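The values are calculated or read from the model by the stated rules, or taken from the named source; none is laboratory data. Since this is a predicted model, take the numbers as computed values, not measurements. Reconstructed Cβ throughout: ideal geometry from the backbone, glycine too, with neighbour counts over all protein chains shown. Just so you know, the surface numbers come from the protein's heavy atoms only, side chains and all, with ligands and any DNA or RNA stripped out. Shrake-Rupley method; radii C 1.70, N 1.55, O 1.52, S 1.80 Å.
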Amino acid sequence: MSKTWSDRFDEGLNPFIEGFNASIGFDFFLLEKDLDASVAHAKMLARTGVITFEEAKQLENALEQIRRESLEGTFKPSLSDEDIHFAIENRLINLIGSLGKKLHTGRSRNDQVATDIRLWLREKIDQIDKELEAFQIALLNHAKDNIFTIIPGYTHLQRAQPLSLAHHLIAYIEMAQRDRDRLQEVRLRVNICPLGSAALAGTPVPIDRKYTADLLGFDSFHLNSLDAVSDRDFAIEFTSTSSIIMMHLSRLSEEIILWCSQEFSFVNLTDRCATGSSIMPQKKNPDVPELIRGKAGRVFGHLQGLLTMMKGLPLAYNKDFQEDKESLVDTVQTVTACLKAITILLEEGLNFCSERLSETVASDFSNATDVADYLVSKGIPFREAYQIVGRVVKLCLSQKTLLKDVSLEQWQEINSVFDEEIFKILKSENVVAARRSEGGTAFERVREQLNYWIDRFSSSKK
Ligand code: ARG
């Protein structure tokens, strides 16, 4: 038989509705934080004289016992507990009787759940930040080894200009840094305490909101009780930031998938991070980056889900909010797992094929801009130079040759300003080295970028 909700009700819930209403099946993850917040609330009630210090101590001891029971696996809430907040309160009353019934003075599950989620998410943000840093360091280690490895640079996935491989990898370090910066901003808005807002309007019970906020390590508390209990912006912001992280990981994954295809062959996957086919014995599949690319979709979905869940809600609490939990938990789990997986893939799953990379770059027209730049240095206007080189490329294509195969006589026939120097200009190392503008791919510029990140990471360790 399901329980009657309170003395106001005559009948118990329909059993299906009881299950439908409950969140205990997916809010157990809030247990630790609910206990922390309850301990702080009890201490505060003693401080303001609502309960005695002795009572607060007894409440705290009983809450700590529930924590132990949960660690030992003996705390097993049932469906009739409805959610983790009731489950803990029921167990508390079970343990210490009527004193347990005093804990809910001056609070509501509405401010309680909002407080718990914020405490939980704050911790998860700090963990994800560490994962992002490990990912950046794994990229940096490859970058250190590959300043002089040349890789084709693409626009429109067409060969454009050659790059230092380190330059390419550092672009992802930059992206991850913006992700970390965004997370820190979200953390500022997560770290505000709603506790004490009660159901929606505050409470006549004398409470000290600053005290509980301080005990729980919050930077401040909400100034408007209605906003405090009905705000899930922080959850949306977190999911949005996570979506951007996943989009970045998915882009890198897509590159790795292309790079280890036979067509590119820029990268070999090691056995530690590649999988085989159940039928085609020759295959080595990039399941890890494919999964990361695929999992981006579910995180984007959670962002849409939360936005849609919120858009029609009048103030203040609505049961719809209960739907925030699975989205948040899955977002945290997915982002964390994908960051760990891509870091392992970088650390032990990839070998860049540097010879193949340099052969590739040497066999294309990605040095064509440099011929135009060379003509510009001889006083020919860029647009004219661009047309001249375009004609040479067309000629080479029809003869199946490359720019380096054009003889000095042929160059001079095209324009008398050409001299021997053109052959140096055409070499891919020189094409890379020439791009000395700040932020460019020239080896010395890449070295500067690398040093910037090395310094940054060594000072973050201090
Ligand atoms: N399980 C609920 C949730 O996750 C807790 C808050 C319930 N509040 C209420 N007024 N029914 O949102």
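Return only the number of the condition from (1) surrounded by 14 or more Cβ atoms within 10 Å (Cβ to Cβ); (2) in contact (Cβ under 8 Å) with a residue 60 or more places away in the chain that Ala433 does not satisfy.
Here Ala433 meets the rest and fails (2).
So, in the stretch 68-85, of the ones that are crowded, with 17+ Cβ neighbours inside 10 Å and assigned to a helix (DSSP H, G or I), which residue ends up nearest to the ligand (Cβ to nearest atom)? Lay out the reasoning, then the answer.
Restricting attention to the stretch 68-85, the residues satisfying the condition of being crowded, with 17+ Cβ neighbours inside 10 Å are 70, 75, 77, 80-85.
If we keep only those that are assigned to a helix (DSSP H, G or I) too, we end up with 70, 80-81, 84-85.
Details: Ser70: 18, Ser80: 14, Asp81: 10, Ile84: 8, His85: 6 Å.
Step by step, filter the stretch 68-85, then rank; the result is His85.
Could you run through the stretch 1-17 and say how many residues are within 19 Å of Arg91 (Cα to Cα) and open to solvent by less than 60 Å² (accessible area, probe 1.4 Å)?
The qualifying residues number 2.
If you go through the stretch 117-137 one residue at a time, do you hit one that is within 16 Å of the ligand (Cβ to nearest atom), closer than 24 Å to Pro77 by Cα and of a type in the set (Val, Ile, Thr)? Quick ask: steps written out before the conclusion?
Of the stretch 117-137, the ones within 16 Å of the ligand (Cβ to nearest atom) are 117-121.
Checking which are closer than 24 Å to Pro77 by Cα leaves us with 117-121.
Restricting the remaining residues to those that are of a type in the set (Val, Ile, Thr) gives 117.
The answer is yes, given that some residue of the stretch 117-137 is within 16 Å of the ligand (Cβ to nearest atom), closer than 24 Å to Pro77 by Cα and of a type in the set (Val, Ile, Thr).
Looking for whichever is out of contact with any Cys (no Cβ under 7 Å at 6 or more places or on another chain), hydrophobic (A, V, I, L, M, F, W, C) and modelled with pLDDT under 95 here; the options are Leu31, Leu13, Leu63. Which one fits? I'd like the intermediate steps shown before the answer.
Numbers: Leu31 fails: modelled with pLDDT under 95; Leu63 fails: modelled with pLDDT under 95.
That would be Leu13, the only listed residue that is out of contact with any Cys (no Cβ under 7 Å at 6 or more places or on another chain), hydrophobic (A, V, I, L, M, F, W, C) and modelled with pLDDT under 95.
Could you run through the stretch 92-112 and say how many residues are within 16 Å of the ligand (Cβ to nearest atom), assigned to a helix (DSSP H, G or I) and open to solvent by 10 Å² or more (accessible area, probe 1.4 Å)?
Looking only at that region, the number is 2.
Every residue, every condition in (1) among the aromatic types (Phe, Trp, Tyr); (2) within 21 Å of Ser164 (Cα to Cα); (3) touching a Lys or Arg at 6+ places or on another chain (Cβ under 6 Å), yes or no:
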| residue | (1), (2), (3) |
| --- | --- |
| Ala337 | no, no, no |
| Ile344 | no, no, no |
| Ser354 | no, yes, no |
| Asp364 | no, yes, yes |
| Val376 | no, no, no |
| Gly379 | no, no, no |
| Leu395 | no, no, no |
| Lys400 | no, no, no |
| Lys427 | no, yes, no |
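Out of the residues in the stretch 377-387 that are exposed (fewer than 15 other Cβ atoms within 10 Å of the Cβ) and within 48 Å of the chain's Cα centre (by Cα), which is nearest to Phe423 (Cα to Cα)? Write out each step before concluding.
From the stretch 377-387, those exposed (fewer than 15 other Cβ atoms within 10 Å of the Cβ) are 377-379, 381-384, 387; that's our starting set.
Still in the running and within 48 Å of the chain's Cα centre (by Cα): 377, 381-384, 387.
Values: Ser377: 15, Pro381: 21, Phe382: 20, Arg383: 22, Glu384: 21, Gln387: 20 Å.
Filtering first and then ranking leaves Ser377.
Look at the stretch 326-351 and say how many of its residues are away from the ligand (no atom under 16 Å from the Cβ) and buried (at least 18 other Cβ atoms within 10 Å of the Cβ).
Residues of the stretch 326-351 away from the ligand (no atom under 16 Å from the Cβ): 331-351.
Retained after the next criterion (residues that are buried (at least 18 other Cβ atoms within 10 Å of the Cβ)): 331-332, 334-335, 338-339, 341-343, 345-346, 349-350.
So the answer is 13.
Between a residue in the stretch 255-281 that is over 24 Å from His168 (Cα atoms) and open to solvent by less than 60 Å² (accessible area, probe 1.4 Å) and any residue that is of a type outside the set (Gly, Ala, Ser) and part of a helix (DSSP H, G or I), which pairs come within a Cβ distance under 7 Å, given they are 6 or more apart or on different chains?
Correct list of pairs: Thr275/Asp287.
Right, His156: without any contact (Cβ under 8 Å) to a residue 40 or more places away in the chain, within 16 Å of the ligand (Cβ to nearest atom) and open to solvent by 10 Å² or more (accessible area, probe 1.4 Å) or not?
Numbers: without any contact (Cβ under 8 Å) to a residue 40 or more places away in the chain: yes; within 16 Å of the ligand (Cβ to nearest atom): no; open to solvent by 10 Å² or more (accessible area, probe 1.4 Å): yes.
Considered against the rule, which asks whether it is without any contact (Cβ under 8 Å) to a residue 40 or more places away in the chain, within 16 Å of the ligand (Cβ to nearest atom) and open to solvent by 10 Å² or more (accessible area, probe 1.4 Å), His156 comes out as no.
Given the criteria out of contact with any strand residue (DSSP E or B) (no Cβ under 8 Å at 6 or more places or on another chain), closer than 29 Å to Gln127 by Cα and open to solvent by 40 Å² or more (accessible area, probe 1.4 Å), does Gly305 qualify? Break it down stepwise before answering.
On the way: out of contact with any strand residue (DSSP E or B) (no Cβ under 8 Å at 6 or more places or on another chain): yes; closer than 29 Å to Gln127 by Cα: yes; open to solvent by 40 Å² or more (accessible area, probe 1.4 Å): no.
Spelling it out, it is not the case that Gly305 is out of contact with any strand residue (DSSP E or B) (no Cβ under 8 Å at 6 or more places or on another chain), closer than 29 Å to Gln127 by Cα and open to solvent by 40 Å² or more (accessible area, probe 1.4 Å).
Given the conditions (1) in a helix (DSSP H, G or I); (2) within 16 Å of the ligand (Cβ to nearest atom), report the number of the one that Pro289 does not fulfil.
(2)
Please give the number of the condition Phe148 fails out of (1) under 32 Å from the mean Cα position of the chain (by Cα); (2) within 16 Å of the ligand (Cβ to nearest atom).
Phe148 satisfies every listed condition except (2).
Report whether or not Ile344 is under 16 Å from Ile244 (Cα atoms) and either over 15 Å from the mean Cα position of the chain (by Cα) or in contact (Cβ under 8 Å) with a residue 12 or more places away in the chain (or both).
Numbers: under 16 Å from Ile244 (Cα atoms): no; either over 15 Å from the mean Cα position of the chain (by Cα) or in contact (Cβ under 8 Å) with a residue 12 or more places away in the chain (or both): yes.
Here the answer is no, as Ile344 does not meet what is asked.
Which members of the stretch 320-332 meet the condition of being without any contact (Cβ under 8 Å) to a residue 60 or more places away in the chain and over 17 Å from the mean Cα position of the chain (by Cα)? If you could, list the steps in order and put the result at the bottom.
Let us first name the residues in the stretch 320-332 that are without any contact (Cβ under 8 Å) to a residue 60 or more places away in the chain, namely 320, 323, 330.
If the condition is that a residue be without any contact (Cβ under 8 Å) to a residue 60 or more places away in the chain and over 17 Å from the mean Cα position of the chain (by Cα), then Asp320, Glu323 are the ones that fit.
In the stretch 252-264, what residues are out of contact with any helix residue (DSSP H, G or I) (no Cβ under 8 Å at 6 or more places or on another chain) and either part of a helix (DSSP H, G or I) or among the aromatic types (Phe, Trp, Tyr) (or both)? Working first, answer last.
Pass one, the stretch 252-264, residues out of contact with any helix residue (DSSP H, G or I) (no Cβ under 8 Å at 6 or more places or on another chain): 255, 258-263.
Passing the criteria: Glu255, Leu258, Trp259.
Working only within the stretch 173-208, note down all residues that are open to solvent by less than 50 Å² (accessible area, probe 1.4 Å), more than 32 Å from the chain's Cα centre (by Cα) and without any contact (Cβ under 8 Å) to a residue 60 or more places away in the chain.
As a first pass, look at the stretch 173-208 and keep what is open to solvent by less than 50 Å² (accessible area, probe 1.4 Å): 173, 175-177, 179-180, 183, 186, 190-199, 202-203, 205, 207-208.
Subsequent filtering for residues that are more than 32 Å from the chain's Cα centre (by Cα) retains 198-199, 202-203, 205, 207-208.
Once the filter is applied, which keeps residues that are open to solvent by less than 50 Å² (accessible area, probe 1.4 Å), more than 32 Å from the chain's Cα centre (by Cα) and without any contact (Cβ under 8 Å) to a residue 60 or more places away in the chain, the stretch 173-208 yields only Gly202.
Can you spot a residue in the stretch 310-325 that is open to solvent by 40 Å² or more (accessible area, probe 1.4 Å) and away from the ligand (no atom under 16 Å from the Cβ)?
Yes, because at least one residue in the stretch 310-325 is open to solvent by 40 Å² or more (accessible area, probe 1.4 Å) and away from the ligand (no atom under 16 Å from the Cβ).
Closer than 23 Å to Asp330 by Cα and surrounded by 17 or more Cβ atoms within 10 Å (Cβ to Cβ) - does that describe any residue in the stretch 41-62? Give the steps one after another, and end with the answer.
In the first step, residues of the stretch 41-62 are kept if they are closer than 23 Å to Asp330 by Cα; the result is none.
No, the stretch 41-62 has no match at all.
Does the stretch 307-351 hold any residues that are in a helix (DSSP H, G or I) and polar (S, T, N, Q), and which are they? Quick ask: steps written out before the conclusion?
In the first step, residues of the stretch 307-351 are kept if they are in a helix (DSSP H, G or I); the result is 307-310, 319-349.
If the condition is that a residue be in a helix (DSSP H, G or I) and polar (S, T, N, Q), then Thr308, Gln322, Ser327, Thr331, Gln333, Thr334, Thr336, Thr343 are the ones that fit.
Just name the residue that is farthest from His302 (Cα to Cα) out of those in the stretch 209-251 that are of a type in the set (A, V, I, L, M, F, W, C), in contact (Cβ under 8 Å) with a residue 40 or more places away in the chain and in a loop (DSSP other than H, G, I, E, B).
As a first pass, look at the stretch 209-251 and keep what is of a type in the set (A, V, I, L, M, F, W, C): 213, 215-216, 218, 221, 223, 226, 228-229, 234-236, 238, 244-247, 249.
Those left that are additionally in contact (Cβ under 8 Å) with a residue 40 or more places away in the chain: 215-216, 218, 226, 228-229, 234-236, 238, 244-247, 249.
This time we only want the ones that are in a loop (DSSP other than H, G, I, E, B), so: 216, 218.
Working: Leu216: 28, Phe218: 26 Å.
Out of the qualifying residues, it is Leu216.
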